[in-house]
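The values are calculated or read from the model by the stated rules, or taken from the named source; none is laboratory data. Source: prediction; values computed, not measured. Heads up, the Cβs are rebuilt from the backbone with ideal geometry, glycines too, and the neighbour counts pull from every protein chain shown. For accessibility, only protein heavy atoms count, side chains too; no ligands or nucleic acids. Shrake-Rupley method; radii C 1.70, N 1.55, O 1.52, S 1.80 Å.
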Amino acid sequence: MTLPTSPRSGVRTVAAAALIVEIAIHGALAPDHLHEIPYIGAGFVLASVLLTAALLAIVVAPRRALGWQAGTALCIGMAVLFVVSRTVGLPAYDEAWTSDAGLGLAALPPELVFVWCAWTVGPLFGPRTGFARLHAWRPPNSSPATSPRSGIPSPSTRSGRPTTRW
């Protein structure tokens, strides 16, 4: 899905910075976790790769929803897994809240910041309803003088003189 307008560059910059911090934290923690518990370390490596893909998507194609949605899903998923690993625990993995020199806790604010940035851009992704959807949609290569649904010239332009449409 393409956004009707490009997300504000300030929001995109903050979101990109949050993802860079996330990539740095997860990249720094991956080697230790790979050594201790391989499946957790593999998750950190996978998270770093997917975060990098989301970062590239919002930088290269900010008008596409996929990068924002993927980044949001990753950030929410990582935050939930962090809390679960510290409360209920994961198989063969039980850590304290401040283990890993507190980097786990430090990863939570950038995740929240990215989700907030995506949320502020989010209404541009959502489905439009009613009047706004009907008048915002146009077939490819059409002009405002054509009907939004069929590409047929609208009644206001058929006769060459404007008419009022109720």
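Per-structure values
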| item | result |
| --- | --- |
| Pairwise label distance in nanometres, Ala24 with Trp116, each label 7 Å out on the Cα-Cβ vector | 1.9 |
| For the stretch 24-81, diffusion coefficient by Stokes-Einstein and Kirkwood Rh (Cα), 4 °C, 1.567 mPa s, µm²/s | 110 |
| The stretch 1-111, accessible surface, carbon-and-sulfur percent (1.4 angstrom probe) | 73 |
| Label-point separation in nm, Asp94 to Ala61, each point 7 Å along Cα→Cβ | 4.5 |
| Where chymotrypsin sites (Phe, Trp or Tyr not before Pro) fall in DSSP loop in the stretch 1-102, at most 16 other Cβ within 10 Å | Trp97 |
| Under 12 Å, Cβ to Cβ, from Phe44 - net charge with Lys/Arg +1 and Asp/Glu -1 | -4 |
